[in-house]
1. On the given criteria, is Gly109 surrounded by 17 or more Cβ atoms within 10 Å (Cβ to Cβ) and in contact with a Phe, Trp or Tyr (Cβ under 7 Å, 6 or more places away or on another chain)?
2. So Asp121 passes all but one of these: (1) under 26 Å from Arg199 (Cβ atoms); (2) surrounded by fewer than 17 Cβ atoms within 10 Å (Cβ to Cβ); (3) under 17 Å from the mean Cα position of the chain (by Cα). Which condition number does it fail?
3. How about region 25-44: which of its residues are more than 18 Å from Glu184 (Cβ to Cβ), small (Gly, Ala, Ser) and surrounded by 15 or more Cβ atoms within 10 Å (Cβ to Cβ)?
4. Of the residues that sit in region 34-72 and are among the β-branched types (Val, Ile, Thr) and either touching a Cys at 6+ places or on another chain (Cβ under 9 Å) or more than 22 Å from Asn88 (Cα to Cα) (or both), which one is modelled with the lowest pLDDT?
5. Can you tell me how many residues within region 149-179 are exposed (fewer than 14 other Cβ atoms within 10 Å of the Cβ), among the charged types (D, E, K, R) and within 19 Å of Phe117 (Cα to Cα)?
6. Can you name every residue in region 47-87 that is assigned to a loop (DSSP other than H, G, I, E, B) and either surrounded by 17 or more Cβ atoms within 10 Å (Cβ to Cβ) or touching a His at 6+ places or on another chain (Cβ under 6 Å) (or both)?
7. Report, by residue number, each residue of region 161-187 that is hydroxyl-bearing (Ser, Thr, Tyr) and either in a strand (DSSP E or B) or in contact with a Leu (Cβ under 7 Å, 6 or more places away or on another chain) (or both).
8. Which one is nearest to Glu134 (Cα to Cα) among residues in region 76-115 that are more than 12 Å from the chain's Cα centre (by Cα) and hydroxyl-bearing (Ser, Thr, Tyr)?
Amino acid sequence: MGIRFLTFCLLAILSISVDSRPVSYPGGYTLMTKADNFQNSVYMHYSPTYKYSIGIERKKDKRIEDQYSLLRFTYLVNRKNTHNSQRNLYFQSGFSLDSNDNSFYGIHGDWETRRYFIGFDFKKVESINQIFSEQKYQIGFAPYLGEYGDLHTWIMLKATKNSITDTTSTYPCLKFFKGDNLLELGYNGKSNWDFHFMRRF
């Protein structure tokens, strides 16, 4: 059973349960752009409810020098709110609109308080003549606690690994967010710049 078929089945099953953070605000849009040593991408998604989002990602894969578009689906599997923290677990998937050669599925999770953050991301990716996995882990803290509407800052440590190179790259990141805007920057000699910008509408 191919990744594309599995992705389609999961998308269809999960789309039925629309009652079940936001992937964006209900009825809202999110624009994201990312760049690192493996890829550049621009991703726009819409969230009909706080439980899921559907969007289009345009990606440039630097390893195989290919460009393609993905139809993406993200579903909030579980959320736990307490007085001091929030925990989220998401299912994520995508398959190519240009060909049958590019698709992925995986899980993404995070736990945070106003002071501390832990997150992970795992994807199984199928591209031209390759099937591989990607892993990302982040841990961080806020050096100060801002009020609503302030500029918030996080000092993070990120580790990334994929099964192609089978090496782990660990480097510091800074994350800033204010209102509906988020900017994350990381750098080391192996991965060069790791850039992520997000804007919610």
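1. no
2. (2)
3. Of everything in region 25-44, just one residue is more than 18 Å from Glu184 (Cβ to Cβ), small (Gly, Ala, Ser) and surrounded by 15 or more Cβ atoms within 10 Å (Cβ to Cβ), namely Gly28.
4. Looking at the filtered set, the residue picked out is Ile64.
5. Residues flagged as exposed (fewer than 14 other Cβ atoms within 10 Å of the Cβ), among the charged types (D, E, K, R) and within 19 Å of Phe117 (Cα to Cα) within region 149-179 amount to 2.
6. Residues satisfying the conditions are Tyr50, Lys51.
7. Selection gives Thr168, Ser169, Thr170, Tyr171, Tyr187.
8. Ser103
The values are calculated or read from the model by the stated rules, or taken from the named source; none is laboratory data. Note that the structure is predicted; figures quoted are calculated from it, not measured. In this analysis, Cβ positions are derived from the backbone assuming ideal geometry, glycine residues included, and neighbour counts consider all displayed protein chains.
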